[in-house]
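Below is one structure, written out as C-alpha cells, with a few remarks after it.
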Amino acid sequence: MTFKLPRQLLALWVLCSVPAGLAASVCADPRFTTQPAVPLGPMSIRSLVGNSTVCIQVLFSSLSASYVAIAIAQTPYMVNSPATNAVVFDTTSASTFLAIIQDYDEHSVPRQLHQSGLTPVNGGISNGQISFTFERPLADTTAYDVTIDSSAASYVQWAYSDREWPSQHLDYGATKILLGAPTTAAALADDGIQTSTTPEIAALALALIVLLGLGGTYVAKCLCLTKFLYHKSVCAPTKRLEPWCLQPWANFKLGEVVVALVYVGCLAVVTAQVNTKFVTLAFNHRLPLISGHLSLVALVFLLLPVARGKHWELIFGASYERILKFHRWLGRLCFLTGTIHLVVVLVNNTDVTSTIPYGPQQVVPLFGLLAFIAFGSMALVSIDSIRRMFYSYFILHHRIAAVVGIVFVLLHSRTACYAMILPLAVYGLTLLARLVAVFANTTTVSAKPSISSKKSTDSRSVLLTLPATTKSTKLAQDANPCSFFWVNIPRVSLIEWHPFSAIVTPDGNSIAFCIKAMGANRFTDKVFRAAYASANAGKLTIRLDGPHGKPSLDDDDYDVLVLVAGGIGITPLLGLVNRHRVQPNDRPVEIHLHWVVRSPHDLLMVESLMFPLPATVKATFYVTQAKEGGCVLCQTGDGVAYVGGRPVLQDVLHPERYAKKRVGVLACGPPTLVQDAEWLSHACGFDFHKEVFSF
C-alpha cells in the first residue's frame, strides 16, 4: 500500500496540472485523427466540431511555399465587406496567426491585434509536407470572425505563395465544406454553386414574345392594325441617307418596339433577380455577376434570329432576315456586357487564367476568357466595312468562332448550360431540317452567261434556270413574293453560300437566278467564269437552301403596286411580276415597274424571264449613261424602249397620280434610290417595303 500511493498522487498531480483549455480541446479528441482529409484545392483539411469549438488541420505538399492561409467565410471571395480574417501559417517561423483581409493589396492584410479567436495547436514541415492545426470557436469572438454553423456547409478559402508574408498569393480558391462531416462525400455534398433563375426568366420572356408575335400576325390583321405594327416606324425616314446611328430607328417598326420592350423588361428582371440573390456580396462582386448574366441573356436571344426557317414567318409574319437586325444588336450588347464583366473581374484581382471553379456560381475563369476572345473576334470581323469586303471569310470565321465560343460558355458556367438549352435546340432542329432540304434541293441547272460590255467586269452576268420538274414547280408556286435562296455552287466553292433572289419563270413551272459579277475574283465573278467555261455543256450543279423571305406588305391587298428597281435589284421584283402573270388575282393589281440601269444592254440581262411583259404591267426603263431615249431589241424581236437619264421619283410617287387607290411600293437597288423611294412613299402615305441584302 505504501508503494502504490506515491504513484497515484503523482498521476493526480499531473492530471491537475494540465490546462483546462487543453483538457477540453476538441483537437485532443481521439476521433479527430480518424476524420477524413477533405480536398481543398491543392490542399486537404481535417476537421472535427465540438460543443463550442472546431479543430482544423491543414495539409499541403509543397517545397517552396512561404505561407499557407485558409479562411472561413460567408462568400467565396477573399475580400468582403465588412472585412473578415484568415488563418495564416508562416513556414519560415512555423507560426500560426490571424490576419485581416481588407483588400487585395499586400499592404492591406495586417495582423489582427487580438488573436483570441485562434488557438494554434501545432505546425511544421516534414519531407515537404506542410501541416498546421488550430482550434477556433464556432461563434464569432471578434468583429472579423465568421460564425460557423455546424449543421451547414461553410466556404473555406485557401491561398499560398512562395514569397514571404505579406505578399500576393500565387494561387487561391474556395470550396464549400461541411466541417466535421464523417465522410468526404458528406463534407462536399454542397458543391457551393448558387443557382439563379436567369434561364427561366429568359424562357418566359421568349414565350411572351412568341405570344405577342402570334397576336400581331393573326389577331392584329383582323383588327386592321397591320399597318400600324408593320409599317409605322419609330421615326420617319429622311430625304437623304441618315447617319449610321439614326438609320436603324427609321427601320425600326412599332411592332418590333414591342418585342424590344419585352427584352428590356427581361434584362431588368434578370438584374433585379441577380442583385437580390447575391445581396450578401459586396457590390464589386455583384457587378460581374449582373453583367455576366446580362451577357448570357443576350447570347440566348441572339442565336434565335439566325435559326433560319418558316417558324419565324408563322409566328411573326416575317422572314428571319427581317429580324436579323436583332441578331446584330444583341451581338453588340453581348460583347459590351461581356467586356464589362471581364474588366470588373480583372479589377477584382481574379485570375482569369485559372481552371479552378470560382465564385458563388463556381465558374471556370479560363473558359470564360476563351469564350470572350472567340466572341470578341466575331465582333471585330462583323464591322460593316470588314464584313462586306471579306464576306466569305466573315461567314467561315463566324461559324467556327461561334461554335468555339458557345462550347467555352457552356464549360464556363452551369447556369449557361441551362440557359442555352432552348436556343441550341431551336437552332439545331432548324439546321437539321435545312441540311435535309439542301440534299433534296441539289440539282443541275442550265447556265447562260451574258456580257453587256467588255469594258467592265460589272457588266457580266449569268442566268441559272432550274429544269421544270414537279419539285421546281412546287418551289415556284409555294415561295413568297421576293423570295430568295442561299445558293452553293460546288464547282466554285464547297463552303460558300450566298443569297440570291428567285425569279419565277414566265410559265410558272420553275425558278431562276440572275447572278451579276460584282468585281474580279469575287464569288459572283467566279460563278460567271464557271458558267462561261462550261458554255458548251451549259450546265452547273447547285445546292439550294430555301426559300426564305417575305415582304412586309401583302401584294394582294393593294390596287396599285409601284416597283422601283436599280440594276440587279430587278430580280426580286421581276419574281413578283411573274407571279402575277401565272397566278391571276380575282381583283387584278395594277403594276407600275420603274427599272434603272447603266447601259441599254443591261435591260437584256433577264430578257428571257421578262419579255414580253403582261398587259397589267406598265413599265418604264431608264438608262443613266444615255443622254436621250432609245430602243434595244430583245430575243423576241420586240423593241424595249428606254428613257435617258434617271427617274424623277417625285413624279412617279405622287398621291394624285393614283387617285384614291391603295398603293404599295416595293424597292430594291442602290441605297440612294431606295432611300428616295422610301422617303417619298412615307410623304405620300404609301405602304413601303425594301429588299435589302445586308447580310
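Which whole-number percentage describes the relative contact order of region 69-171, with Cα contacts under 8 Å and a sequence gap of 6 or more?
On the way: 182 pairs, mean separation 30.5, N = 103.
It comes to 30 percent, rounded to a whole number.
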Notebook entry, point to check: In the chain, which whole DSSP H runs stretch at least 27 Å along their own axis (Cα) and average 1.0 or higher on the Kyte-Doolittle scale?
Noted result: 254-277, 283-302, 324-347, 391-412, 421-440
Notebook entry, point to check: Using the count of nearby Cβ atoms within 10 Å as a rough guide to exposure, how do MET389, MET378 rank from fewest to most?
Noted result: MET389, MET378
Margin query: Which three numbers, in whole Å and largest first, are the semi-axes of the equivalent ellipsoid of the chain derived from its Cα gyration tensor as √(5λ)?
Written below: 75, 24, 21
Checklist line | Radius 14 Å from Cβ of GLU496, net charge of other residues (Lys, Arg +1; Asp, Glu -1) | finding: +3
Item checked: Förster radius 60 Å - calculated FRET efficiency between THR624 and GLN168 (Cβ-Cβ, nearest 0.05) -> 0.30
Notebook entry, point to check: Relative to the present Cα-Cα distance, how much length would full extension add between LEU204 and VAL121 at 0.36 nm per residue of separation?
Noted result: 24.4 nm
Item checked: GLN583-ALA379 FRET efficiency (beta carbon distance; Förster radius 45 Å; 0.05 resolution) -> 0.55
Check: What nm distance separates the two modelled labels at GLU106 and ALA268, each placed 7 Å from Cα along Cα→Cβ?
Finding: 4.8 nm
Note to self: If I model a spin label at ARG434 and LEU59 as a point 7 Å from the Cα along the Cα→Cβ vector, what separation in nanometres do I get?
What the structure shows: 5.6 nm
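Quickly rank 70-83, 187-200, 284-297 as a protection proxy: mean count of other C-beta atoms within 10 Å, highest first.
284-297, 70-83, 187-200
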Notebook entry, point to check: Treating the beta-carbon of each Lys and Arg as +1 and of each Asp and Glu as -1, no other charges, what is the dipole magnitude of the chain about its Cα centre, to the nearest 20 debye?
Noted result: 1820 debye
Notebook entry, point to check: When the helix-only estimate is applied to the chain (DSSP H runs of n ≥ 4, each -39,500 (n - 2.57), divided by the residue count), what is the mean residue ellipticity at 222 nm, nearest 500 deg cm²/dmol?
Noted result: -11000 deg cm²/dmol
Margin query: Net charge around LYS310, counting only other residues with Cβ within less than 12 Å of its Cβ (Lys, Arg = +1; Asp, Glu = -1)?
Written below: +1
Item checked: Cβ crowding within 10 Å averaged over residues, with 678-685, 161-168 ranked highest first -> 678-685, 161-168
Check: If you average the sequence gap of Cα pairs under 8 Å that are 6 or more apart and divide by the length of region 198-428, what percent do you get for the contact order?
Finding: 20 percent
Notebook entry, point to check: If you take every DSSP beta bridge whose two residues both sit in the chain, what share of them, in percent to the nearest 5, is antiparallel?
Noted result: 75 percent
Next item on the list: Find out how many positive minus negative residues lie around ALA615, taking Lys and Arg as positive, Asp and Glu as negative, among other residues whose Cβ is under 13 Å from that of ALA615.
Entry: +1
Note to self: Distance between the C-alpha centers of region 510-530 and region 57-111? Whole Å please.
What the structure shows: 68 Å
Item checked: Label-point gap, in nm, between CYS631 and THR280 - each point 7 angstrom along Cα→Cβ -> 9.0 nm
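What ranking, highest mean first, results for peptides 326-337, 262-273 when packing means the other Cβ atoms within 10 Å averaged over each residue?
Put in order of decreasing packing, that is 326-337, 262-273.
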Checklist line | Principal axis box of region 322-412, alpha-carbon based, largest edge first, Å | finding: 41, 21, 20
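Could you tell me the relative contact order of the chain? Use alpha-carbon pairs under 8 Å, at least six residues apart, and round to a whole percent. Working shown, then result.
Details: 1288 pairs, mean separation 59.8, N = 695.
The normalised contact order for the chain reaches 9 percent.
Taken together, the values in this text are just the output of simple stated rules run on the coordinates, not laboratory data. The model shown is predicted, which means the values in this text are computed figures rather than measured ones. Positions of Cβ are generated from backbone atoms using ideal geometry, with glycine treated the same way; all protein chains shown enter the neighbour counts.
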